[in-house]
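Q: Before I ask anything, here is the structure I am working with.
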Amino acid sequence: MTKPIVYVDLDGTLSPSDVLLECCLLLLKKNLFYGFLMVYWALKGPWVFKTEIAKRIDPVLDYLPIDAVVLERLNQLKSAGHELVLASASLSRDVKKIADRLGLFDRIIASEHSNLKGVNKLNAIEVDSQGRPFLYFGDAAVDIPVWEKAAVAYGVNTSTKTRNKAMAAGVELSRIDSRQSGIRVWLKAMRLQQWAKNSLLFLPLIAAHELDQKLWLNMLVGFIAFGLVASATYIWNDLMDLNADRQHPRKKHRPMACGDLSISKAFVLMKVLGVLGFTAAFVALGWQFTFVLFIYTVVTLLYTFVFKRTAIVDVVLLAMLYTVRVIAGGVGAELEMSSWLLAISLFVFLSLALVKRCAELEFLQIEGSQPQGRGYRMSDLSYLVSMGISSGFVAVLVLALYVDSQNGTEKYSTPEYLWGICPIFLYWLMRIWILTSRKEMIDDPVHFAIHDRISWGFLGAVGVLVFMAA
């Protein structure tokens with residue numbers, strides 16, 4: 001007896017990602033102004049949009065995530081003697097790449113002269129199956145016409161809305177739920193641990209010995225606003241780096257890279273976070289603070305689109321992004337910014353930015369991988385270490401000069417205690433670099449410091465010394 005043919009959708013089903021959206025991201029990465037053309041193409045219809053994108057982008061799909069649970073089920077069906085057909089609305093050129101990569105499918109059905117979606121896909125499947133019964137794996141409401149005709153309808157990670165529509169159409173779905181979802185995935189995409197960097201907003205208040213509760217509460221709102229906008233930029237950064245992240249030993253587990261969070265949902269989350277962040281900043285702290293937040297966002301986008309792949313410039317920009325947070329804290333609290341504080345901040349954060357790059361290279365060296373999407377080579381490592389250590393020492397030197405300056409003696413009653421910060425600061429920085437050279441540093445020193453007892457001890461000791469000197 002002939003067994004039913006198995007037809008499998010690609011976007012959102014076999015792969016949690018979407019090839020067309022990935023191509024859109026690659027085109028935006030190539031030139032942000034393509035966004036305006038995309039709107040024009042979309043107005044002319046889905047097929048025009050798809051073909052215009054394809055003329056400009058030929059994606060490499062070697063690392064496109066594949067749903068392991070669906071793949072296992074397909075292997076079982078293949079072993080049982082079923083024919084497998086990859087049936088997708090994506091272009092034939094791209095669908096063939098996935099079929100060749102997996103070596104599992106007998107043939108493909110894909111868009112060549114029109115958009116093979118919904119009823120069009122059903123018609124193509126009926127022509128291909130020649131009246132034989134078939135099984136269909138899909139994920140969205142647009143698949144309902146195909147599910148209605150299938151002997152068995154598999155719903156892969158379908159939404160509640162899609163399931164309700166399928167039920168209303170009389171379709172009984174055999175569900176396959178294989179991906180993480182919900183608030184945990186959204187929070188992971190926001191990188192909440194990175195919000196610790198926004199504590200720098202409070203630094204001007206601390207340096208000015210400001211105890212006004214209203215200023216501190218306002219700055220707390222500023223902290224949240226900065227966090228929301230920063231999370232939006234992290235999501236955008238991850239979307240721009242999908243291919244590079246998928247080839248990275250650890251970054252491949254990020255929600256967008258592995259497919260736990262779809263590109264479309266990531267866009268929605270990014271927009272919501274950005275709007276909430278800027279609204280909170282303007283309402284609580286006014287237009288000047290909001291303007292600094294806007295500058296931070298622009299510099300971050302420049303970093304993502306232009307300078308992230310430019311050696312040295314990338315770490316300088318990272319250091320500036322840290323320093324902008326300090327400036328934002330001063331602007332939000334309407335405090336005069338100290339050039340000493342800005343100088344110390346810039347050199348410390350340049351050192352930490354170089355720690356991040358060196359740790360990435362060290363880890364890739366262990367894995368036997370090469371840097372992807374960066375302007376560095378493995379041979380640059382020793383030079384980056386030298387520059388990073390030098391930046392840290394310069395920061396401590398500037399701190400020592402400040403303690404001995406007129407500013408230091410005027411602001412503190414017993415500034416001699418501040419000298420105690422210099423040796424423990426030197427110890428903390430040298431330890432960070434020693435751990436990096438030993439390949440014990442994760443690629444983000446901020447994340448490391450949050451979970452490091454000695455770093456917390458360093459922070460506590462600094463606090464005590466500043467209190468004694470005040």
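The values are calculated or read from the model by the stated rules, or taken from the named source; none is laboratory data. Keep in mind that what you see is a predicted model, and the values were worked out from it rather than measured. Counting neighbours? That spans all protein chains shown, and the Cβs are built from the backbone with ideal geometry, glycine included.
Q: For segment 52-70, how many residues are within 20 Å of residue 9 (Cβ to Cβ) and exposed (fewer than 15 other Cβ atoms within 10 Å of the Cβ)?
A: 2
Q: Whether any residue in segment 320-336 is without any contact (Cβ under 8 Å) to a residue 40 or more places away in the chain, touching a Leu at 6+ places or on another chain (Cβ under 9 Å) and assigned to a loop (DSSP other than H, G, I, E, B) is what I want to check.
A: Scanning segment 320-336 turns up at least one residue that is without any contact (Cβ under 8 Å) to a residue 40 or more places away in the chain, touching a Leu at 6+ places or on another chain (Cβ under 9 Å) and assigned to a loop (DSSP other than H, G, I, E, B).
Q: For segment 375-393, name all the residues that are modelled with pLDDT under 85 and either aromatic (Phe, Trp, Tyr) or outside any helix (DSSP H, G or I) (or both).
A: 375, 376, 377 - these are the residues of segment 375-393 that are modelled with pLDDT under 85 and either aromatic (Phe, Trp, Tyr) or outside any helix (DSSP H, G or I) (or both).
Q: State all residues of segment 141-170 that are part of a loop (DSSP other than H, G, I, E, B) and surrounded by 15 or more Cβ atoms within 10 Å (Cβ to Cβ); if no residue qualifies, say none.
A: Once the filter is applied, which keeps residues that are part of a loop (DSSP other than H, G, I, E, B) and surrounded by 15 or more Cβ atoms within 10 Å (Cβ to Cβ), segment 141-170 yields 150, 157, 158.
Q: With respect to residue 205, is the statement that it is modelled with pLDDT of 95 or more, in the same structural domain as residue 463 (by TED's automatic domain parsing), in contact with a Leu (Cβ under 8 Å, 6 or more places away or on another chain) and part of a helix (DSSP H, G or I) true? I'd like the intermediate steps shown before the answer.
A: Values: modelled with pLDDT of 95 or more: no; in the same structural domain as residue 463 (by TED's automatic domain parsing): yes; in contact with a Leu (Cβ under 8 Å, 6 or more places away or on another chain): yes; part of a helix (DSSP H, G or I): yes.
Criteria not met by residue 205.
Q: Can you name the residue in segment 81-140 that is touching a residue at least 40 places away in the same chain (Cβ under 8 Å), among the acidic types (Asp, Glu) and in a helix (DSSP H, G or I) and is also surrounded by the most Cβ atoms within 10 Å (Cβ to Cβ) among such residues?
A: In this case the residue turns out to be 94.
Q: Those residues that are over 20 Å from residue 355 (Cβ atoms) and under 32 Å from the mean Cα position of the chain (by Cα), I need them from segment 410-463; list them, please.
A: Hit for segment 410-463 is 460, nothing else.
Q: Based on what the data block shows, is residue 279 of a type outside the set (A, V, I, L, M), surrounded by fewer than 16 Cβ atoms within 10 Å (Cβ to Cβ) and not in a helix (DSSP H, G or I)? Before the answer, list the steps.
A: Numbers: of a type outside the set (A, V, I, L, M): yes; surrounded by fewer than 16 Cβ atoms within 10 Å (Cβ to Cβ): yes; not in a helix (DSSP H, G or I): no.
No: the conditions fail for residue 279.
Q: Could you check, for segment 11-23, whether at least one of its residues is buried (at least 20 other Cβ atoms within 10 Å of the Cβ), part of a helix (DSSP H, G or I) and out of contact with any strand residue (DSSP E or B) (no Cβ under 8 Å at 6 or more places or on another chain)?
A: Looking through segment 11-23, at least one residue is buried (at least 20 other Cβ atoms within 10 Å of the Cβ), part of a helix (DSSP H, G or I) and out of contact with any strand residue (DSSP E or B) (no Cβ under 8 Å at 6 or more places or on another chain).
Q: Please indicate, with yes or no, whether at least one residue in segment 233-248 is closer than 13 Å to residue 191 by Cβ and small (Gly, Ala, Ser).
A: No - not one qualifying residue is present in segment 233-248.
Q: Return the total of residues in segment 220-261 being over 22 Å from residue 197 (Cα atoms) and among the basic types (Lys, Arg).
A: 2
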